[in-house]
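This report concerns only the one structure given below.
The values are calculated or read from the model by the stated rules, or taken from the named source; none is laboratory data. From a predicted model like this one, the values you see are computed outputs, not experimental measurements. Cβ coordinates were reconstructed from backbone atoms using ideal geometry, including for glycine residues, and neighbour counts include every protein chain displayed. Only protein heavy atoms, including side chains, enter the accessible area calculation; ligands, DNA and RNA are left aside. Shrake-Rupley method; radii C 1.70, N 1.55, O 1.52, S 1.80 Å.
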Amino acid sequence: MKKTGLFFMLLLLSGCNMRVLNPASDTAEKLTDLIYLSFGLMMLVFVIVMILFVHFLRKFRETKETQNVIPDDESENKWLELTWTVLPFVLLAVLAVPTVKATYDLTSQVSGSGEEPQGEAIVVEVVGQQFNWRFTYDNGRTSVDELVLPVGREVEFHLTSNDVIHSFWVPNLAGKIDVIPGEETRLSFQPSDTGTFQGKCAEFCGAEHTLMRFETRVVSEAEFKQWLREQ
């Protein structure tokens, strides 16, 4: 029964074509680094706990010689007590400092400061509605469920919704951000690699929520300008 369940779980996971740990922008790179850091710390704790677990199992296992022996009470070891009291705080600090810094950096990029985009950032107006995405560029070019971006240039998204709350998400390029009716949220990042990446609505928004996907193509500057001119 367990093998059958594991088989179906692997079958379901094999159908997932959205990769979180394959970053293609500066923002996604930060998020991926945090995931790897968290995973590394968890594995460190797991390995230490398993080593101690096996050690104590071997040390205090019952044998013929110790079957009827009650071990003497051992006095506390202050250094060990100090170590396992301080160590969790150290691990939390190692995880918390980069997490808070990354959260601050990303938050300053997303929550609508109202300031004009800096430098040569490209502005894309994004409207989510059941069940598609509409993208509008500076020159008036619009597309539905197709997002085209130039590699190596900052892109700023102004997002809103025409009906219910949606969530804009391109795992390879950035984290999720809510798309709210009557409000504007912002997101910015700089694509670092060309390629085609899947995006989707990450907030359940209705019966056809699973169909609310779009394709993101990151292309060269020349290809992007050519695409903008096409109507």
Residue 189, sole failed condition from (1) more than 20 Å from residue 31 (Cα to Cα); (2) touching a residue at least 24 places away in the same chain (Cβ under 8 Å): (1)
Hey, residue 206 part of a loop (DSSP other than H, G, I, E, B) and out of contact with any Lys or Arg (no Cβ under 6 Å at 6 or more places or on another chain) or not: yes
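Rundown of residues vs (1) of a type outside the set (Val, Ile, Thr); (2) touching a residue at least 60 places away in the same chain (Cβ under 8 Å); (3) touching a strand residue (DSSP E or B) at 6+ places or on another chain (Cβ under 8 Å), yes/no style:
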{"residue": "24", "(1), (2), (3)": "yes, yes, yes"}
{"residue": "61", "(1), (2), (3)": "yes, no, no"}
{"residue": "66", "(1), (2), (3)": "no, no, no"}
{"residue": "74", "(1), (2), (3)": "yes, no, no"}
{"residue": "82", "(1), (2), (3)": "yes, no, no"}
{"residue": "85", "(1), (2), (3)": "no, no, no"}
The stretch 178-191 - residue that is open to solvent by 50 Å² or more (accessible area, probe 1.4 Å) and assigned to a loop (DSSP other than H, G, I, E, B) and, of those, nearest to residue 227 (Cα to Cα): 190
Residue that is farthest from the chain's Cα centre (by Cα), among those in the stretch 173-205 that are closer than 19 Å to residue 144 by Cα and of a type in the set (Gly, Ala, Ser): 195
Hey, residue 122 modelled with pLDDT under 85 and either open to solvent by 100 Å² or more (accessible area, probe 1.4 Å) or closer than 30 Å to residue 135 by Cα (or both) or not: no
Count of the stretch 192-227 residues which are touching a strand residue (DSSP E or B) at 6+ places or on another chain (Cβ under 8 Å) and either open to solvent by less than 60 Å² (accessible area, probe 1.4 Å) or closer than 18 Å to residue 178 by Cα (or both): 20
Per-region count, the stretch 51-83, residues in a helix (DSSP H, G or I) and open to solvent by 80 Å² or more (accessible area, probe 1.4 Å): 12
Selection count, the stretch 84-112, where residues are part of a loop (DSSP other than H, G, I, E, B) and either over 30 Å from residue 160 (Cα atoms) or modelled with pLDDT of 80 or more (or both): 0
Within the stretch 17-46, tally of residues that are open to solvent by less than 80 Å² (accessible area, probe 1.4 Å) and basic (Lys, Arg): 1
Any chance residue 175 is within 13 Å of residue 127 (Cβ to Cβ), at pLDDT below 95 and in contact with a strand residue (DSSP E or B) (Cβ under 8 Å, 6 or more places away or on another chain): no
